[in-house]
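Any read-out appearing in this document is the output of simple, stated calculations on the displayed coordinates, not a laboratory observation. Keep in mind that what you see is a predicted model, and the values were worked out from it rather than measured. Counting neighbours? That spans all protein chains shown, and the Cβs are built from the backbone with ideal geometry, glycine included.
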Amino acid sequence: MSGHGEAIPMTSRRAAPLKGEALVPGDKSISHRALIFGALAVGETCISGLLEGEDVLATAEAMRAFGADVERIGDGEWRVRGVGVGGFAEPEDVIDCGNSGTGVRLIMGAMATSPITATFTGDASLRSRPMARITDPIALFGARAVGRAGGRLPMTIVGASEPVPVRYATPVPSAQVKSAVLLAGLNAPGETVVIEKEATRDHTERMLAGFGAEVRVEETEEGRVITLTGQPELQPQIIAVPRDPSSAAFPVCAALIVEGSDVLVPNIGLNPTRAGLFFTLQEMGADLTFENPREEGGEPVADLRVRYSPGMKGIVVPPERAPSMIDEYPVLSVVAAFARGKTEMPGVKELRVKESDRIDAMARGLEANGVSVEERDDYMAVHGMGPGGVPGGGAAQARLDHRIAMSFLILGMAAQKAVRIDDGGPIATSFPAFEPLMSALGARIERANR
Ligand code: S3P
């Protein structure tokens, strides 16, 4: 089951050379934040290029439940009339965040310092993911949480009625945790400080500053120290969401491994806290260039030009790069299967608590398709079989995880025999147009009976 209806089994066969332009959807991280921050501003925020995937639509619905006026004007065009910091109303019903860890964790943070109570749930994947990483820090502000064993959803948060500011060092490299603490800090008096040892995606800091909050970022010996002054009046914004580098990863990686491919992926956000995959691919020998580099809405942007790259070699991916490509390891492990030699991925423990245990999901699915994988708690290595060398012919479980589903469909595009997945339904959480977009480039994806 996809968690969103009947399972949709899919098959991906060896593709024709991939050619053309891939217009990938808006950035998921920025889309969630645009809606949430818009809901916390006073006045009307206008958003264009919003990702209209299930995850983000669930966040839009949640913002309505907390009292914001959220309206879809047209394709990717949305307006949010916010209630102001501290203005959230108490939702009348349970908030269902679907598959989205980012949605639920950021919203929990945002409501934790308001005197309201809200209950959160999600699909089977989200209900299995750890929430203590959020409930621990929001307890320091004065919020209380009651959930299932192991800190799992469904969970009720009772917001602090007299919140105090917090100084918090994140115990795991997580932009969701950092963001939840900063969002809780918005409605606390005084300064809330978050310290992260390794830099994670910084959209929250950048966007909150854009909305008029006072945010200071310092690089110190302790790590990145982010200081937010509480109780600002956030000013509504006009936001053009850049296209998602994590979605761009799929057509990019497909073009690298499908013989004869030449694909342009225009207008991709290349925030350094997100672009780790592209540098890794270049180090492996990928023919990947950044054309027309420019700046849009304060973010670096470029068009990615990618061509079939039979010369790629396995490398050791530096562990300190992990936060800047954390969502891209599944599809990197597919590319690694077509490189020569071993690709090692150390320091990837966080992959175990994503929409699925992504190390296990990739290892099992790759093995089922004839690729040998080594796996430890925080490490994965793929033994490359060279261009065209992956047998395929196996089935992989998507495990309610969009990125696992898409990664195995990419594997099938260059493997000798077709690759099947049990359920492509979760792809709609982040990349609803994946199938038509990849098919227009030359992919052969079919919805098949198992
Ligand atoms: C996200 C942060 C990352 C990432 C997720 C989106 C965000 O999660 O995996 O897809 O928008 O803040 P973690 O913070 O758990 O690493």
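Below, the figures for the structure above:
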{"quantity": "Among residues of the stretch 217-248, those that are more than 16 Å from the ligand (Cβ to nearest atom), in a loop (DSSP other than H, G, I, E, B) and in contact (Cβ under 8 Å) with a residue 60 or more places away in the chain, counted", "calculated": "7"}
{"quantity": "Which listed residue, of Glu191, Glu214, Glu198, is surrounded by fewer than 20 Cβ atoms within 10 Å (Cβ to Cβ), over 22 Å from Val104 (Cβ atoms) and within 16 Å of the ligand (Cβ to nearest atom)", "calculated": "Glu198"}
{"quantity": "Per-region count, the stretch 336-360, residues part of a helix (DSSP H, G or I), within 16 Å of the ligand (Cβ to nearest atom) and farther than 15 Å from Met131 by Cα", "calculated": "4"}
{"quantity": "Residue that is surrounded by the fewest Cβ atoms within 10 Å (Cβ to Cβ), among those in the stretch 104-126 that are among the small types (Gly, Ala, Ser) and out of contact with any Asp or Glu (no Cβ under 6 Å at 6 or more places or on another chain)", "calculated": "Ala124"}
{"quantity": "Every residue from the stretch 419-447 that is surrounded by fewer than 15 Cβ atoms within 10 Å (Cβ to Cβ) and either within 19 Å of the chain's Cα centre (by Cα) or under 23 Å from Ala124 (Cβ atoms) (or both)", "calculated": "Arg447"}
{"quantity": "Residues located in the stretch 297-335, provided they are of a type in the set (A, V, I, L, M), surrounded by 17 or more Cβ atoms within 10 Å (Cβ to Cβ) and part of a strand (DSSP E or B)", "calculated": "Val301, Ala302, Leu304, Val306"}
{"quantity": "Scope the stretch 383-405; condition hydrophobic (A, V, I, L, M, F, W, C) and under 23 Å from the mean Cα position of the chain (by Cα); matching residues", "calculated": "Ala396, Ala398, Leu400, Ile404, Ala405"}
{"quantity": "Residues of the stretch 362-408 satisfying the condition of being among the hydroxyl-bearing types (Ser, Thr, Tyr) and either within 16 Å of Arg14 (Cβ to Cβ) or crowded, with 18+ Cβ neighbours inside 10 Å (or both)", "calculated": "Ser407"}
